[in-house]
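Step one of this worksheet: look at the structure below.
The values are calculated or read from the model by the stated rules, or taken from the named source; none is laboratory data. A quick note: this is a predicted structure, and the numbers were derived from the prediction, not measured. Here Cβ is always computed from backbone atoms with ideal geometry, including for glycine, and neighbour counts include all displayed protein chains. Accessible surface areas use protein heavy atoms only, side chains included; no ligands, DNA or RNA. Shrake-Rupley method; radii C 1.70, N 1.55, O 1.52, S 1.80 Å.
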Amino acid sequence: MRAAFDPTGAWLAPHDSGAERHAEDAPEHDDEHGRHRCRAVFISDLHLGTPGCQAGALLAFLKTYPSDTLYLVGDIVDGWQLRRKWYWPQSHNDVVQKLLRRARKGGRVIFVPGNHDEFARTFVGHHFGGIEVMEQAVHTTADGRQLWVVHGDYFDGVIQCAKWLAYLGDNLYEFTLRLNRHLNSARARLGLPYWSLSAYLKHKVKKALNYVTDFEQAVAAEARRRGHDGVVCGHIHRAEMRHIDGTLYCNDGDWVESRTALVEHFDGHLELVHWQADDHRPTATRPAMMALGQSA
């Protein structure tokens with residue numbers, strides 16, 4: 001138990017326990033060159049430091065999908081929640097060790113901070129254990145498309161104009177996630193699959209749907225204004241891939257509700273992977289061999 005939140009402690013000085021050394025030295029699934037190896041992987045909104053983070057499923061995904069480049073697209077560590085109450089189980093430290101190990105083994109790991117880990121924005125331009133911290137990034141796919149990589153909170157009017165309201169909403173969201181965990185424990189005992197209460201509510205509330213649509217259009221418009229072919233973002237916890245007025249919009253989702261990631265294969269095509277936490281296998285993925293101007 002720690003009394004105060006040290007934002008860089010998880011990255012720079014993890015506790016040196018035998019369990020962590022064992023996790024760090026464990027062999028990679030599919031021997032790092034397995035059938036799921038990708039050119040690039042994009043993940044965001046892990047929210048390490050909260051009970052809602054599905055760290056076990058995330059570790060299984062990272063072992064199954066090694067990549068040349070790994071983008072951490074914001075809200076990796078939840079500084080907002082850690083300031084209120086310290087929560088850092090071994091599985092969360094194992095995720096950090098996994099990310100550091102990937103960088104140490106020669107993979108490129110790029111961290112684009114979000115609003116929940118905004119403390120890291122003061123370290124833009126620095127490296128932590130081989131992990132590059134950038135305010136934003138541009139990724140060029142194998143087929144030549146330029147994708148702007150940004151968390152997306154700058155396009156959230158609540159975050160920018162009424163941060164106190166964002167904190168309130170964050171508390172309500174955590175409450176919903178606690179209900180969600182109890183609900184899914186009951187569903188598991190009944191042999192039913194995982195189901196996200198918070199995702200269901202967001203899809204049913206009209207104002208939430210309007211917010212998502214406005215966010216997607218604003219992010220895509222800014223990527224287009226900057227001259228990019230598309231954008232990869234996170235922030236709203238809703239995985240999506242579609243063209244908006246000719247600009248490819250990709251949201252890699254989260255590892256609290258949806259357990260999703262965006263991957264680029266070696267031929268340049270993009271795919272959303274939905275990870276099934278109960279059996280540690282991916283469900284059917286959504287193919288995205290999408291050329292500019294082609295409808296999603």
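Worth a mention:
- Filter result for Leu82 (under 15 Å from Leu262 (Cβ atoms), hydrophobic (A, V, I, L, M, F, W, C) and surrounded by 21 or more Cβ atoms within 10 Å (Cβ to Cβ)): no
- Taken over segment 100-124, residues that are open to solvent by 50 Å² or more (accessible area, probe 1.4 Å), out of contact with any strand residue (DSSP E or B) (no Cβ under 7 Å at 6 or more places or on another chain) and not β-branched (Val, Ile, Thr) amount to 5.
- Any chance Leu177 is modelled with pLDDT of 95 or more and in a helix (DSSP H, G or I): no
- Enumerated helices (runs of 4 or more DSSP H) restricted to segment 35-121, each holding at least 1 residues that are touching a residue at least 40 places away in the same chain (Cβ under 8 Å) and aromatic (Phe, Trp, Tyr): 55-64, 79-84
- Leading residue by the ranking (surrounded by the most Cβ atoms within 10 Å (Cβ to Cβ)) among those in segment 232-242 that are within 16 Å of Val263 (Cβ to Cβ) and touching a helix residue (DSSP H, G or I) at 6+ places or on another chain (Cβ under 8 Å): Cys233
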